[in-house]
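Here is the structure we will look at, set down as structure tokens.
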Ligand SMILES: Nc1ncnc2c1ncn2[C@@H]1O[C@H](COP(=O)(O)OP(=O)(O)O)[C@@H](O)[C@H]1O
Ligand SMILES: [Mg+2]
């Protein structure tokens, strides 16, 4: 199997649970739990792919600090190649503090090295690894890379590399540049909120309009699983698995990993690819953080 290259964020997540709504005025609140875990959409997708038996490289940047070393160790433990994760001597590793309540969460992010990934590093990693698929995550956290993507993606696709994109949410709520990028993308992976931010009307109609720009649009629909439309407008669906959710952090990233792993393993049927994706997303909610309980091929009934 040819390797996949994942480009994007490599930050740590500090997940806090319990009475997490902050009260100022120097109040001290005692919480139920606090865990430092591997974070970043790109890093979580990379771990999910590796766990599903796909040779996976990450191209990203961390700082020369304890969080950066933690992230590198966690990626290596997940058998993700970190040869192309650069250590920045000046900036800190990105940090997200996740205030996790039972049915909602707030995320406080220090970007650190996250916005410093450049197209040149992605290009070099593709050449060195021979990857035949490139997944780009967290578009809006990396505005410099985002501006370079139209040229980069056109170039890599002309060389025969396929491309997937999960923008994740736009903190600025402007969604600039995404529609223009879609002609350079083979698989676009929004969740329902992100889909609705990119168009108006019924969900399937928005997805069809986006797919007309080129990519297959694969939509994450929470407990309902996932569905997709291709540029011809044809629709496929797979339900989520019934689960007792512990933590939905990174569920969408594990969904992406399930879908991309099915592609890498040569699964030709779209409904079956969606089944891998929805099952991988659902199973990931059984553990804390993005990579606590990621699916294996055996979990998907695909071993
Ligand atoms: N409550 C749930 N029950 C079962 N599966 C879920 C649940 N929440 C999420 N998932 C799984 O995780 C995937 C991604 O979750 P979703 O919330 O749609 O995306 P994101 O994490 O990007 O916001 C879903 O498509 C589904 O497979
Ligand atoms: Mg997401």
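Look at residue 76 and say whether it is outside any strand (DSSP E or B), modelled with pLDDT of 95 or more and closer than 25 Å to residue 52 by Cβ.
For residue 76, the condition - outside any strand (DSSP E or B), modelled with pLDDT of 95 or more and closer than 25 Å to residue 52 by Cβ - is met.
Which of the residues belonging to region 239-258 are more than 14 Å from ligand 2 (Cβ to nearest atom) and either farther than 29 Å from residue 16 by Cβ or buried (at least 24 other Cβ atoms within 10 Å of the Cβ) (or both)?
Within region 239-258, just 239 meets the criteria.
Please verify whether region 117-129 includes one or more residues that are at pLDDT 95 or above, surrounded by 22 or more Cβ atoms within 10 Å (Cβ to Cβ) and under 16 Å from the mean Cα position of the chain (by Cα).
yes
Name every residue in region 224-233 that is touching a residue at least 24 places away in the same chain (Cβ under 8 Å) and within 16 Å of ligand 2 (Cβ to nearest atom), in order of residue number.
Scanning region 224-233 gives 225, 226, 227, 228.
Would you say residue 261 is in a helix (DSSP H, G or I) and away from ligand 2 (no atom under 16 Å from the Cβ)?
So residue 261 passes the test.
Take the conditions more than 8 Å from ligand 1 (Cβ to nearest atom), crowded, with 17+ Cβ neighbours inside 10 Å, touching a residue at least 12 places away in the same chain (Cβ under 8 Å) and assigned to a strand (DSSP E or B) and apply them to residue 236. Does it pass?
Criteria met by residue 236.
(1) surrounded by fewer than 17 Cβ atoms within 10 Å (Cβ to Cβ); (2) over 21 Å from residue 291 (Cβ atoms); (3) modelled with pLDDT of 95 or more: which one isn't true of residue 83, the others all being true?
Residue 83 satisfies every listed condition except (2).
For residue 82, which of the numbered conditions (1) assigned to a strand (DSSP E or B); (2) out of contact with any helix residue (DSSP H, G or I) (no Cβ under 9 Å at 6 or more places or on another chain) fails to hold?
Tallying (1) assigned to a strand (DSSP E or B); (2) out of contact with any helix residue (DSSP H, G or I) (no Cβ under 9 Å at 6 or more places or on another chain), residue 82 fails exactly one: (2).
Within region 53-77, how many residues turn out to be crowded, with 20+ Cβ neighbours inside 10 Å and over 14 Å from residue 12 (Cβ atoms)?
Matching residues across region 53-77 total 5.
Could you grab me the full set of residues in region 151-182 that are closer than 14 Å to residue 216 by Cα and under 13 Å from the mean Cα position of the chain (by Cα)?
164, 165, 166
Can you name every residue in region 183-201 that is more than 14 Å from ligand 1 (Cβ to nearest atom), within 17 Å of the chain's Cα centre (by Cα) and surrounded by fewer than 21 Cβ atoms within 10 Å (Cβ to Cβ)?
Passing the criteria: only 186.
Any residue that is part of a helix (DSSP H, G or I) and within 16 Å of ligand 2 (Cβ to nearest atom) - is there at least one of those in region 211-223?
yes
It is to be established whether one or more residues within region 224-239 are touching a strand residue (DSSP E or B) at 6+ places or on another chain (Cβ under 7 Å) and closer than 28 Å to residue 97 by Cα.
Taking every residue of region 224-239 in turn, at least one turns out to be touching a strand residue (DSSP E or B) at 6+ places or on another chain (Cβ under 7 Å) and closer than 28 Å to residue 97 by Cα.
So, in region 276-289, exactly how many residues are within 13 Å of ligand 1 (Cβ to nearest atom) and over 17 Å from residue 54 (Cβ atoms)?
6
The values are calculated or read from the model by the stated rules, or taken from the named source; none is laboratory data. Since the structure is predicted, the reported quantities are computational estimates derived from the model, not experimental observations. Ideal geometry is used to build each Cβ from the backbone, glycine not excepted, and the neighbour counts take in all protein chains shown.
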